[in-house]
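Q: Before we start, here is the structure in question, set down as structure tokens.
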Amino acid sequence: MTVFDRTVYRLIGRIPPGRVATYGQIATLLGAPRAARAVGFALKRLPAGSPVPWHRVINARGGISLRANLAGMLSQRILLKREGVRFARDRVSLERYRWPGPHRRPVVRLPALERL
DNA sequence: ATAGTGACCGCGT
DNA sequence: AACGCGGCCACTA
């Protein structure tokens, strides 16, 4: 569990039910627009049982990215549907469900300078 | 310090 | 619209 991970989890924790955010969006809000893959990596390491709503994070195409994990893929879809997010051909309309982000302007720090 | 990996992304076929 | 590529960042070994 790294500092980056926790920062990611904290932000994701603010996504309200029924809304979604993309990996890239999370990265951008964190101040590192191109760290989308790193966000995915952080989520992969998310401890089971965490209160973090990981299922509200999807890829830029509105789809679910858990390729190697069929079970996880299905559960994510189910969790979203349970919150009212509708799927159309394995995809959700980002235009419709995208989380605007914490209206707070500055957003979380940690561009990429968390060196010890 | 170096190289390899991936729950990504955008652009060009 | 679906693929293929190359680029990117943080993490690991």
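The values are calculated or read from the model by the stated rules, or taken from the named source; none is laboratory data. Since we're looking at a predicted model, the values are computed, not measured. Note that each Cβ is placed from the backbone with ideal geometry, even for glycine, and that neighbours are counted across all protein chains shown. Protein only, heavy atoms only, side chains kept; ligands, DNA and RNA dropped before computing areas. Shrake-Rupley method; radii C 1.70, N 1.55, O 1.52, S 1.80 Å.
Q: Find out how many positive minus negative residues lie around A:Ile78, taking Lys and Arg as positive, Asp and Glu as negative, among other residues whose Cβ is under 14 Å from that of A:Ile78.
A: Details: positive: A:Arg56, A:Arg77, A:Lys81, A:Arg82, A:Arg86; negative: A:Glu83, A:Asp90.
Cβ neighbours under 14 Å give a net charge of +3.
Q: Report the charge-dipole magnitude of the range A:3-97 in Debye, nearest 20, computed about the Cα centre from +1 at each Lys and Arg Cβ and -1 at each Asp and Glu Cβ.
A: 120 debye
Q: Then there is this: Between A:Arg98 and residues 5 or more places away or on another chain, which pairs have amide H atoms under 5 Å apart, with H built 1.01 Å from N, and which residues are they?
A: So A:Arg98 has HN proximity to A:Val20.
Q: For A:Arg19, A:Arg61, A:Arg10, what's the largest-to-smallest order of accessible area, 1.4 Å probe?
A: Details: A:Arg19 70, A:Arg61 180, A:Arg10 130 Å².
The ranking, largest first, comes out as A:Arg61, A:Arg10, A:Arg19.
Q: A further question on this structure: If I model a spin label at A:Thr2 and A:Ala71 as a point 7 Å from the Cα along the Cα→Cβ vector, what separation in nanometres do I get?
A: 2.7 nm
Q: Please give the FRET efficiency for A:His103 paired with A:Ala60, using the beta carbon to beta carbon distance and R0 = 22 Å, rounded to the nearest 0.05.
A: On the way: r = 22 Å, r/R0 = 1.00.
Result of the calculation: an efficiency of 0.50.
Q: Counting Lys and Arg as +1 and Asp and Glu as -1, what is the net charge of the other residues whose Cβ lies under 12 Å from the Cβ of A:Gly24? Write out the running numbers ahead of the final one.
A: Working: positive: A:Arg34, A:Arg37, A:Arg61, A:Arg98; negative: none.
Value of the local net charge: +4.
Q: Let me ask another. Can you give the local net charge around A:Ala42? Use residues other than it whose beta-carbon is closer than 12 angstrom to its beta-carbon, Lys and Arg +1, Asp and Glu -1. Can you show the working numbers first?
A: Details: positive: A:Arg6, A:Arg10, A:Arg37, A:Lys44, A:Arg45; negative: A:Asp5.
Charge balance near A:Ala42 sits at +4.
Q: For A:Met1, A:Met73, give the ranking by accessible area with the largest first, probe 1.4 Å.
A: Numbers: A:Met1 115, A:Met73 65 Å².
My answer, sorted largest first, is A:Met1, A:Met73.
Q: Taking θ = phi - 60°, what integer Hz values does the Karplus form 6.51 cos²θ - 1.76 cosθ + 1.60 yield along the range A:41-53, in sequence order, with x for Gly and Pro?
A: 5, 4, 5, 4, 8, 5, x, 4, x, 5, x, 5, x
Q: For chain A, give the percent of accessible area contributed by carbon and sulfur heavy atoms, probe 1.4 Å, rounded to a whole number.
A: Details: 4230 of 7850 Å².
The nonpolar share, carbon plus sulfur, comes to 54 percent.
Q: At a threshold of 8 angstrom on Cα-Cα distance, excluding pairs fewer than six apart, so keeping six or more, what relative contact order does chain A reach in percent? Don't skip to the answer; put the middle values down first.
A: On the way: 138 pairs, mean separation 40.0, N = 116.
The value is 34 percent.
Q: Under the classification rounded if a/c is under 1.5, otherwise prolate if a/b is larger than b/c and oblate if not, where does the range A:10-72 fall, given a ≥ b ≥ c as square roots of the Cα gyration tensor eigenvalues?
A: Values: a/c = 1.34, a/b = 1.17, b/c = 1.14.
Taking the square roots of the gyration eigenvalues as a ≥ b ≥ c, the range A:10-72 is rounded.
Q: Can you work out the accessible area per residue across the range A:3-97, with the rest of the protein chains kept in place, probe 1.4 Å, in square angstrom? Could you put the intermediate results ahead of the total?
A: Details: 5770 Å² over 95 residues.
Using a 1.4 Å probe on heavy atoms only, each residue of the range A:3-97 averages 61 Å².
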